[in-house]
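The next block holds one structure in the form of structure tokens; read it before the comments.
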Amino acid sequence: MNFLHLLPLALFALAAESPPGYDAAACNQSPSLCTKPYNSILQLGAHNSAFVRTAANSYQSSANQYFNATIQLSAGVRLLQSQIHLDKGSIKLCHTSCLIFDAGTLDVWFAEIAGWMKTHPSEVVTLLLVNDEKIPPAQLKTLFDNSGLGALAFTPSGTGWPTLGEMVGNDTRLVTFLSEGADVKAAPYLLPEFDYVFETPFETFGPDKFSCMADRPGGVAGKESTTPLIPLMNRFFYDVISEQLKLYISNSTYSSTLNSDQGVGNLADGVATCQKSWGGRSGGYVLLDFVNDGSPMAVVDRVNNVTKAYNRAEFPENPEKAQAQAKQDKEMGWSRIEKLSTRAREGGEVKAAEWVFYAGNWAGSL
Ligand SMILES: *[C@@H]1O[C@H](CO)[C@@H](O)[C@H](O)[C@H]1NC(C)=O
Ligand SMILES: *[C@@H]1O[C@H](CO)[C@@H](O)[C@H](O)[C@H]1NC(C)=O
Ligand SMILES: *[C@@H]1O[C@H](CO)[C@@H](O)[C@H](O)[C@H]1NC(C)=O
Ligand SMILES: *[C@@H]1O[C@H](CO)[C@@H](O)[C@H](O)[C@H]1NC(C)=O
């Protein structure tokens, strides 16, 4: 019997565009996660996912990431959080105000995410849209449907969370939460965040200041046990630039420790502490700034008992650090070359090996 006709044709079309070696037997980068309910696994989230520091914006300090959604998703990030705002009639991704940081229109970001999801057919992705201005869900739904994200959207049936495998099987692999303004009659898959999720505090001012207490929604604030809501652990902190102006900048110099399993405030200990205080539950989200720094996927894999990652492309090197390092190497190289030339001019002895060493050290960074 020829069973090929039983396989959906669409899957062949999609698989053809997938990255070489893409293994659709894995759900969210591991076959072992296919049988796990959505709310029983720990998922890595990117805080302000769309606000990306790049050389083009001089690594602007009001942005919270170093890589775009495509690279975040390929590296294993499964929750993309971002703010949406109305600006001159269009819906945009802006940080507090479009005058502070403007990451462009929402439809472009949606197209990027839809493009990635189509070429990665066994991945379940979650969007958390912070909708302070209460942009009407009907308006958002149009953008979801036009981008192709609407067709992938998951609508809960009220019987608890399905497994990742079930969501992949039905091709309803996109969970979307709105922080405010949801209206499930107008848009059934744009879910009211706080009917499903609780968050720990989102304004923390040092690596030793994280708390496992619920902060939102109001009904559970100050409590530790909030079942059945899914916990979202805010795992970033701010440096205070001006207390008076409430000017806070996300700390980016400590993120490789913060997003790791060593040192004060590290992610692994933070997750373990909270899960213990929540009665040993294993699922939830961790929301990180500079999610490329440290080793957050290793931490998340360990919690999820994943020993081998499938379909994962590690983050490239942090571009700002690489640039700073290159600049430093170059400056050091030049100052040493200058010292050597001065010595030579003043009649001092310069060994050939010194030139070779210094040349080797700085030439590559010019
Ligand atoms: C995402 O970023 C990478 C480099 O960091 C770039 O090559 C790629 O074009 C970007 N993708 C989109 C959709 O902007
Ligand atoms: C998958 O689709 C079937 C048929 O429409 C439905 O009964 C089932 O609840 C769906 N499962 C999920 C996880 O959405
Ligand atoms: C970031 O936080 C670390 C740890 O508290 C601190 O040592 C460092 O000075 C902070 N960075 C900035 C730029 O304030
Ligand atoms: C990982 O293993 C622990 C200990 O057996 C278990 O409590 C937890 O639920 C597992 N996590 C997942 C995602 O299967």
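The values are calculated or read from the model by the stated rules, or taken from the named source; none is laboratory data. Predicted, not measured: the structure shown is a model, and the values here were computed from it. Neighbour counts run over all protein chains shown; Cβ positions are idealised from the backbone, glycine included. Areas reflect the complete protein model, heavy atoms only, side chains present, ligands, DNA and RNA absent. Shrake-Rupley method; radii C 1.70, N 1.55, O 1.52, S 1.80 Å.
Of the residues that make up region 188-201, is at least one more than 24 Å from residue 144 (Cα to Cα) and out of contact with any Pro (no Cβ under 9 Å at 6 or more places or on another chain)?
yes
Report, by residue number, each residue of region 36-80 that is among the polar types (S, T, N, Q) and open to solvent by less than 10 Å² (accessible area, probe 1.4 Å).
Within region 36-80, 43, 48, 49, 64, 65, 72 meet the criteria.
Of 206, 181, which residue is touching a helix residue (DSSP H, G or I) at 6+ places or on another chain (Cβ under 7 Å) and of a type in the set (Gly, Ala, Ser)?
181
Within region 308-325, how many residues turn out to be under 19 Å from the mean Cα position of the chain (by Cα) and either assigned to a loop (DSSP other than H, G, I, E, B) or among the small types (Gly, Ala, Ser) (or both)?
Within region 308-325, residues that are under 19 Å from the mean Cα position of the chain (by Cα) and either assigned to a loop (DSSP other than H, G, I, E, B) or among the small types (Gly, Ala, Ser) (or both) number 10.
Which ones in region 114-145 are of a type in the set (Val, Ile, Thr) and either crowded, with 22+ Cβ neighbours inside 10 Å or touching a residue at least 60 places away in the same chain (Cβ under 8 Å) (or both)?
Residues satisfying the conditions are 119, 124, 125, 126.
Of the residues that sit in region 286-309 and are within 11 Å of ligand 4 (Cβ to nearest atom) and within 16 Å of residue 164 (Cβ to Cβ), which one is surrounded by the most Cβ atoms within 10 Å (Cβ to Cβ)?
Across region 286-309, the extreme among qualifying residues is 300.
Looking at region 64-83, I want the residues that are on the phi > 0 side of the Ramachandran plot and have a partner that is assigned to a loop (DSSP other than H, G, I, E, B) and open to solvent by less than 10 Å² (accessible area, probe 1.4 Å) with Cβ atoms under 6 Å, at least 6 apart or on another chain. Which pairs are those?
Sorted first by the residue in region 64-83, then by its partner, the pairs are 76/29.
Please specify each residue of region 90-126 satisfying the condition of being part of a strand (DSSP E or B) and under 16 Å from residue 64 (Cβ atoms).
Across region 90-126, the qualifying residues are 93, 94, 102, 103, 104.
Restricting attention to region 14-35, which residues are loosely packed, with under 13 Cβ neighbours inside 10 Å and modelled with pLDDT of 95 or more?
The answer is 23, 25, 35.
May I ask you to list the residues in region 254-296 that are within 22 Å of residue 36 (Cα to Cα), free of Cβ contacts under 8 Å to residues at least 24 places away in the same chain and among the charged types (D, E, K, R)?
276
For every residue, the table says whether it meets (1) under 16 Å from the mean Cα position of the chain (by Cα); (2) at negative phi.
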site: 215; (1), (2): no, yes
site: 222; (1), (2): no, no
site: 245; (1), (2): no, yes
site: 275; (1), (2): no, yes
site: 280; (1), (2): no, no
site: 284; (1), (2): yes, no
site: 288; (1), (2): yes, yes
site: 303; (1), (2): no, yes
site: 306; (1), (2): no, yes
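Which one of these does residue 285 not meet: (1) touching a helix residue (DSSP H, G or I) at 6+ places or on another chain (Cβ under 6 Å); (2) over 18 Å from residue 55 (Cα atoms)?
Every condition holds for residue 285 apart from (1).
Quick one: which strands (runs of 3 or more DSSP E) lie wholly within region 152-253 and hold at least 2 residues that are free of Cβ contacts under 8 Å to residues at least 40 places away in the same chain and open to solvent by 30 Å² or more (accessible area, probe 1.4 Å)?
238-242
Which residues, taken from region 257-269, are within 11 Å of ligand 3 (Cβ to nearest atom) and assigned to a helix (DSSP H, G or I)?
Answer for region 257-269, where residues must be within 11 Å of ligand 3 (Cβ to nearest atom) and assigned to a helix (DSSP H, G or I): 257, 258.
Keeping to region 72-97, report how many residues are within 25 Å of residue 199 (Cβ to Cβ) and touching a Leu at 6+ places or on another chain (Cβ under 9 Å).
Selection size over region 72-97: 16.
So which residues in region 292-305 are of a type in the set (A, V, I, L, M, F, W, C) and out of contact with any Leu (no Cβ under 7 Å at 6 or more places or on another chain), if there are any at all?
The one that is of a type in the set (A, V, I, L, M, F, W, C) and out of contact with any Leu (no Cβ under 7 Å at 6 or more places or on another chain): 298.
Output the residues belonging to region 38-76 that are of a type in the set (A, V, I, L, M, F, W, C), assigned to a loop (DSSP other than H, G, I, E, B) and away from ligand 1 (no atom under 13 Å from the Cβ).
Hits for region 38-76 are 41, 51, 63.
Looking only at region 246-259, decide whether some residue is of a type outside the set (Gly, Ala, Ser) and in contact with a helix residue (DSSP H, G or I) (Cβ under 7 Å, 6 or more places away or on another chain).
Yes, there is a match, as at least one residue in region 246-259 is of a type outside the set (Gly, Ala, Ser) and in contact with a helix residue (DSSP H, G or I) (Cβ under 7 Å, 6 or more places away or on another chain).
Per-residue answers, yes or no, for (1) under 22 Å from the mean Cα position of the chain (by Cα); (2) under 30 Å from residue 218 (Cα atoms); (3) within 16 Å of ligand 3 (Cβ to nearest atom):
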position: 99; (1), (2), (3): no, no, no
position: 125; (1), (2), (3): yes, yes, no
position: 136; (1), (2), (3): no, yes, no
position: 142; (1), (2), (3): no, no, no
